[in-house]
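Heads up, the thing below is written out as structure tokens.
The values are calculated or read from the model by the stated rules, or taken from the named source; none is laboratory data. In this text, all values refer to a predicted model and were calculated from it rather than measured experimentally. No Cβ is skipped: glycine too gets one built from the backbone with ideal geometry, and neighbour counts run over all protein chains shown. Side chains are part of the model used for accessible areas, which takes the heavy atoms of the whole protein and leaves out ligands, DNA and RNA. Shrake-Rupley method; radii C 1.70, N 1.55, O 1.52, S 1.80 Å.
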Protein chains: 2
Amino acid sequence: MTSAPGSPGDVLTLISAGSATTRSDLAKITGLARSTISQRVDALIESGLVEETESGESTGGRPPRQLRLHTEDHAFAGIDLGATHCRIALMDMSSDVLAECEDPLLIAEGPETVLAHVDRRLDELLERAGRPRAALRAVGMGVPGPVEFATGRPNNPPIMPGWNDYPIPEHFEGCAVFVDNDVNVMALGEHRNAYPGTRHLLFVKIGTGIGCGIVAEGTLHRGAQGSAGDIGHIRVSGHEDAGCRCGNSACLEAVAGGAAVARRLTELGIPAESGADVVALVQGGNTQALRLVREAGRLIGEVLASLVNFFNPEVIVIGGALSRVHEHLLAGIKETVYRRSLPLATHHLSIVPSRTGINAAALGAGILAIEHYLSPDNINRIVNA
Amino acid sequence: MTSAPGSPGDVLTLISAGSATTRSDLAKITGLARSTISQRVDALIESGLVEETESGESTGGRPPRQLRLHTEDHAFAGIDLGATHCRIALMDMSSDVLAECEDPLLIAEGPETVLAHVDRRLDELLERAGRPRAALRAVGMGVPGPVEFATGRPNNPPIMPGWNDYPIPEHFEGCAVFVDNDVNVMALGEHRNAYPGTRHLLFVKIGTGIGCGIVAEGTLHRGAQGSAGDIGHIRVSGHEDAGCRCGNSACLEAVAGGAAVARRLTELGIPAESGADVVALVQGGNTQALRLVREAGRLIGEVLASLVNFFNPEVIVIGGALSRVHEHLLAGIKETVYRRSLPLATHHLSIVPSRTGINAAALGAGILAIEHYLSPDNINRIVNA
DNA sequence: GAACTTTCGCCGAACATCGAACAAAGGCCA
DNA sequence: TGGCCTTTGTTCGATGTTCGGCGAAAGTTC
């Protein structure tokens, strides 16, 4: 059972979403009496969740006192663990970034080493932001592999040796921890940051591998086993010769991922090892690299065309390392999607590059944590305590 | 804002779902005081929504009075309009079928003719069930084409001439009307009837065309334009020569739909016009037909393998005309899905024939109507009136 | 048939919400 | 400058809702 409508948690949600900034607004929106709203707001202020600011503009009578989240006593961390990097964003309740950092870090070194590093950086960030460790209320984390979201344990992740079934949340004491696949948190970050009004969105990450985060009805769709969005191993036609590390052939990732494009360039006598090299070549004007990236776009577009027919999203966001040359990638993708998908599904469909960029994962992970903390049920618990 | 927890609507939901059959159960589940529950139940009985039955079994003390939906004064209709048929199920609040009928009916005759026919049949069914027209509270309808669900208007349906943008709900006065794509209501019917505990389910209808209804988090996913699940025009590899009525080539429907299989049989010198002919041939033991159906299964399986990776459902249900020979179809589908999808996604995946059968659409349409009528908000409105 | 168990209605107490009245704080205008 | 209007915010008694204890009802167990 959820809480009653108009509970402190609901009131905070309205303030947090910016739907209401004054007691009067709240009364109008919720339909509750002004006196009741005042009582709710008092409780929220008492709990340190909301604060009053200077009076606002008068509309002919007494000017209303503005309300906003009291962000000073709280902190949240969004942690983006990649195969070879670690990014952390320390955020406040309004999803504003207080401090951030980025390091090279091999996830293959295992959970103890990696999480110890995270811990040190987290302390540094808290100090830079001038907040005590106790201010840290919740932590979100994105990792490059499948996760059982309910328990925060990686589920046979192929590129995270030593992490299988490791109980990540237990490492952080005294605060709620949410671990999810990196593409899911990127999708969440992009959605909340750039397309908050959109109901159905796909975030496609094109790097060494290819993955997809799914936002349906405004919330992440993780699927039955938490493996939804694993589109890198969908078969594309006409590439039966391309073997994939998963054991099958003709996987999207094996023909259009950053590593695959690099390999094909190398075969053409243009040395490239990774997606980053490919990006550098394209930016340097190499026509072969440009051609292959566009061709990769077409192959990705073929898969996305299927998904557009199936899922009918409003927006598809293209992110990941290769999206830094998104003009060429997007050209190939759009060309194929608009040719192969049904008109009804593509009529209002936007296919766009990520606006949130390199920080989408860390931000999304932080937002995952913040949204849990600000959920009406959790707020009601805090206020009643 | 939704209603408070433990409202009459919530109480009815628990009774309706079978989660609670006595006042004591309700008190335990909701956490409300027994006296409060009694008051709620009284209000529901007063409104004619709930009734008491004979006392139940004693567990050592006073036996509880059993509660159940008072189904006698209400009726709901589920209408399944196909290209060439019309099935109607008259149902009560418990989703039990009171009366049903089935006629050949060409949807191409246009909305006035078709809806007039529906009206006549509806009156007959109501009379057979001994309920007045006023007992009809809500109507659900599935139609063979895309629909804007919010308004109940068909959206450029290819095989429903004259229906484009026709305001179907206006035809039924005095009761709520919900119009949806036929595959969506079939998915709903199958889910509620056979897999109520499942969170993510796909219902694949294989008839002349191929479509898919999507149940995500227990509710229908319709997509941004209501065109989600239109998988019939997803491209399959290796069939570039197969032209499709949509203008593209190599569409799944153009190579694995009932009409396509029939055409290929005809080319082999075995005359067949429709999916029904194909079914008859297979049931008659024709090995060519059997081979082609299995091959069609493999092609469908190729597409489903992609969707399993993307959506990660718990159950895929195969329905539609061709599923009457489901052993052969399923063999082809499973073979491909289990080969091409990721182990994590297929580990707990079931691929099964429809258990609800020919009536899935009419039942699902009725359930669509009933669930709206029994939604807590609607019940609270009724009780407070 | 006495003791026990469970259900259920009744009723006063506790609690939450409401709305009226009033105070506060500004604008508007003579 | 001062009076009046508008809007905001608080206080407080009235109202309505929910709770929990008590006793009656209706069975089982011994």
| request: Take each uninterrupted DSSP H stretch in chain A, measure its Cα extent along the helix axis, and return the ones at 15 Å or beyond whose mean Kyte-Doolittle hydropathy is at least 0.5. | output: A:287-311, A:360-373
| Are there GluC sites (Glu not before Pro) in the range B:1-72 that DSSP marks as loop and that have at most 10 other Cβ atoms within 10 Å, and which are they? | B:57
| query | Which of the trypsin sites (Lys or Arg not before Pro) across the range B:320-385 are loop residues per DSSP, with 13 or fewer other Cβ within 10 Å? | reply | B:355
| request: Could you work out, residue by residue across B:231-238, how many beta carbons of other chains sit within 10 Å of that residue's beta carbon, and then give the average as an integer? | output: 6
| task | Give the Rg (one decimal place) followed by the Dmax (whole number) of the range A:144-226, computed from C-alpha coordinates and expressed in Å. | result | 13.5, 39
| request: Within the set of other residues whose C-beta is less than 15 Å from the C-beta of residue A:123, count the net charge using Lys and Arg as +1 and Asp and Glu as -1. | output: -1
| query | What residues of the range A:155-170 lie in the reach of a label at residue A:108, counting those whose backbone N is under 12 Å from a point 7 Å from the Cα along Cα→Cβ? | reply | A:159-162
| request: Identify which of A:60, A:223, A:247 has the largest mean-square fluctuation in a Gaussian network model of chain A, with springs joining Cα atoms closer than 10 Å. | output: A:60
| field | Whole-angstrom gap from the range A:323-385 to the range A:64-118, using each part's C-alpha centre | value | 19
| field | Karplus (6.51, -1.76, 1.60) ³J(HN,Hα), θ = phi - 60°, over the range B:133-141, in Hz, Gly and Pro reported as x | value | 4, 5, 6, 6, 9, 7, 10, x, 9
| field | the protein assembly as shown: calculated mean residue ellipticity at 222 nm from DSSP helix runs of at least 4, using -39500 (n - 2.57) | value | -12500 deg cm²/dmol
| query | Which of B:315, B:114, B:147 moves the most in a Gaussian network model of chain B with Cα springs under 10 Å? | reply | B:114
| query | If the viscosity is 1.306 mPa s and the temperature 10 °C, what Stokes-Einstein diffusion coefficient in µm²/s follows for chain A when Rh is the Kirkwood radius over Cα pairs? | reply | 71
| query | Hey, what do the phi angles of the range A:54-65 turn into as Karplus ³J(HN,Hα) couplings, whole Hz, using 6.51/-1.76/1.60 and θ = phi - 60°, x for Gly and Pro? | reply | 3, 4, x, 6, 6, 10, x, x, 5, x, x, 7
| query | If you build the Cα gyration tensor of the range B:189-356 and take the root of 5 times each eigenvalue, what three semi-axes come out, in whole angstrom, biggest first? | reply | 26, 17, 15
| field | Net lengthening on full extension, residue A:124/residue A:34 (0.36 nm per residue, minus Cα-Cα) | value | 28.0 nm
| query | Looking at the range A:315-359, which residues lose a minimum of 30 Å² of accessible area between their chain alone and all protein chains in place, measuring with a 1.4 Å probe and not counting ligands or nucleic acids? | reply | A:339, A:340, A:342, A:344, A:348
| Per the 1.4 Å probe, what fraction of the accessible area of chain A, in percent, lies on carbon and sulfur atoms? | 48
| Rolling a 1.4 angstrom probe over the protein heavy atoms, how many square angstrom per residue are accessible across the range A:8-70? | 55
| task | Can you spot the aspartates and glutamates whose alpha carbon is less than 16 Å from residue B:334's alpha carbon? Ignore those fewer than 8 places along the same chain. | result | B:295, B:302, B:314
| query | By what distance, in whole Å, do the Cα atoms of the protein assembly as shown stretch along each of the three principal axes, largest value first? | reply | 77, 73, 62
| remark: Ignoring ligands and nucleic acids, chains B and A bury, in total, an accessible area (1.4 Å probe) to the nearest 100 Å² of about 4200
| Restricting the range A:239-282 to GluC sites (Glu not before Pro) in coil, as DSSP defines it, with at most 14 other Cβ within 10 Å | A:240, A:273
| remark: For the protein assembly as shown, percent of DSSP beta bridges that are antiparallel (nearest 5) comes out at 60
| request: Please find, in a Gaussian network model of chain A (springs between Cα atoms separated by less than 10 Å), the residue of A:224, A:272, A:134 whose mean-square fluctuation is greatest. | output: A:224
| task | With a cut-off of 18 Å, note down the residues of the range B:7-24 whose backbone N falls inside the zone around a label point 7 Å from the Cα of residue B:96 toward its beta carbon. | result | B:15-22
| task | Among DSSP beta bridges whose residues both lie in the range A:201-346, state the antiparallel percentage, nearest 5. | result | 65
| If you project the alpha carbons of the range A:38-115 onto the principal axes, what extent comes out on each, in Å, largest first? | 63, 23, 13
| Taking each residue of A:240-248 in turn, how many C-beta atoms of other protein chains fall within 10 Å of its C-beta, and what is the average? | 1
